[in-house]
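Below is one structure, written out as structure tokens, with a few remarks after it.
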């Protein structure tokens with residue numbers, strides 16, 4: 001994996017922070033001041049009224065608000081001085097590729113090059129239908145999008161003829177500061193994890209997985225796919241997650257060190273689903289975690 005200090009980030013509590021811009025401003029400025037390296041945010045455009053299943057997807061209903069991540073990042077760009085903003089993840093195949101390129105480039109300009117594009121194919125067919133996209137071809141479409149996005153983010157003029165996108169001698173202006181913006185892939189299943197190894201700059205590991213046998217299997221699949229594609233796994237990033245729920249300082253530190261031993265380059269601290277009912281509780285937990293998770 002990439003060498004150097006592990007980066008420590010915060011998962012934006014999108015379903016729990018509420019809709020008051022002042023609360024969002026307070027939260028973002030506080031975690032930036034705490035010294036966290038990056039902020040991640042999840043993406044959903046539509047949610048159904050009833051749960052899709054009885055597992056973790058039952059959480060993604062109309063009962064829980066989801067802020068539109070790229071619009072949110074435009075707001076956050078003006079509030080932060082140092083944190084990277086990372087989508088974790090944006091469901092790219094349900095969005096127009098050129099628009100994704102334009103929006104991320106704008107955020108990269110507004111933040112001075114502090115953007116990471118995390119993509120995934122999603123699981124909710126309802127959203128694809130509502131957005132006029134094909135759920136069944138989403139994996140192949142994302143692979144094509146990655147090729148085109150890297151061109152649009154690094155070249156002034158692009159000609160591209162793909163299965164879904166066609167561009168004739170055109171481009172975006174302004175171009176991003178980073179050329180291209182780093183693309184990471186998030187995935188829960190082995191095909192998505194192998195796709196990250198073949199194509200992406202890094203992998204967002206399933207946030208619900210713990211360091212151990214299951215994570216070893218997924219990290220191995222990630223590395224093996226990279227090698228098979230002629231890539232060096234040591235050049236790729238690995239973003240893992242620690243939940244604050246029910247964990248004291250020693251447990252947080254132990255899990256952090258366990259992820260370091262598994263080759264993580266990034267650790268995201270997540271306060272959602274911890275039962276907090278106020279912004280101050282989220283921030284207190286993040287401040288406590290920051291004290292015991294030093295950069296090293």
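Using a basic spin-label model with each label point 7 Å from the Cα along Cα→Cβ, how many nm lie between residue 250 and residue 227?
3.8 nm
Using the alpha-carbon atoms, what tilt in degrees (0 to 90, nearest 10) does helix 138-152 show relative to the longest principal axis of the chain?
80 degrees
Show log10 I(q)/I(0) for region 104-217 at q = 0.13 Å⁻¹, two decimals, from a solvent-free Debye sum over equal Cα scatterers.
-0.60
Please build a GNM for the chain, connecting alpha carbons under 10 Å apart, and tell me which residue among 182, 174, 211 fluctuates the most.
For the chain, modelled as a Gaussian network with Cα springs under 10 Å, the answer is 174.
In whole angstrom, and with the biggest value first, how far do the Cα coordinates of region 228-275 range along each principal axis?
44, 20, 12
Suppose we keep just the alpha-carbon trace of region 193-267; what are its Rg and Dmax in angstrom?
When restricted to Cα atoms, region 193-267 yields Rg and Dmax of 12.8, 42 Å.
Can you sort 82, 116, 157, 150 from fewest to most other Cβ atoms within 10 Å of each residue's own Cβ?
Exposure proxy ranking, most exposed first: 157, 82, 150, 116.
Treating the angle as unsigned and between 0 and 90°, give the value, to the nearest 10°, between the Cα long axis of helix 213-228 and the longest Cα principal axis of the chain.
In the chain, helix 213-228 runs at an angle near 30 degrees to the longest axis.
Find the Rg to Rh ratio for region 152-212, where Rh is the Kirkwood radius over alpha-carbon pairs and Rg uses the same atoms.
Result: Rg/Rh = 1.13.
Going by a ≥ b ≥ c, the root eigenvalues of the Cα gyration tensor, does region 94-147 fall in the rounded group (a/c under 1.5), the prolate group (a/b larger than b/c) or the oblate group?
Cα axes put region 94-147 in the prolate bin.
May I ask for the distance between the Cα centers of region 223-295 and region 139-177, given as a whole number of Å?
After rounding, the separation between the Cα centres reads 32 Å.
May I ask for log10 I(q)/I(0) of the chain at q = 0.12, 0.15 Å⁻¹, from a Debye sum over the Cα atoms as equal point scatterers with solvent left out?
The Cα Debye sum returns log10 ratios of -0.78, -1.28.
Helix 190-199 against the longest principal axis of the chain: what's the angle in degrees, Cα atoms only, rounded to the nearest 10?
Its long axis makes an angle of about 60 degrees.
Relative contact order, percent, of the chain when contacts are C-alpha pairs under 8 Å separated by at least 6 residues?
Relative contact order, the chain: 21 percent.
Hey, in the GNM for the chain with a 10 angstrom Cα cutoff, which one of 81, 168, 144 fluctuates hardest?
Residue with maximal mean-square fluctuation among 81, 168, 144: 168.
Ranking 131, 70, 152 by Cβ neighbours within 10 Å, fewest first, what do you get?
The most exposed by this proxy come first: 131, 70, 152.
Using the basic label-point model (7 angstrom from Cα toward the beta carbon), what is the residue 220 to residue 179 distance in nanometres?
With each label placed 7 Å out from Cα toward Cβ, I get 4.2 nm.
Can you tell which of 278, 215, 88 shows the greatest fluctuation in a Gaussian network model of the chain with Cα springs below 10 Å?
Looking only at 278, 215, 88, the biggest GNM fluctuation is shown by 278.
Neighbour counts of other C-beta atoms within 10 Å: give me 60, 276 arranged from fewest to most.
276, 60
Please list, short to long, the whole-number percent of alpha-carbon pairs of region 1-139 in consecutive 10 angstrom bins beginning at zero.
Computed distribution, short to long bins: 11, 38, 34, 15, 1.
Values quoted throughout were computed directly from the atomic coordinates according to the rules given, and no laboratory measurement underlies them. All of these numbers come straight from a predicted model, not from anything done at the bench. Please note: Cβ atoms are built from the backbone with ideal geometry, for glycine as well, and neighbour counts cover all protein chains shown.
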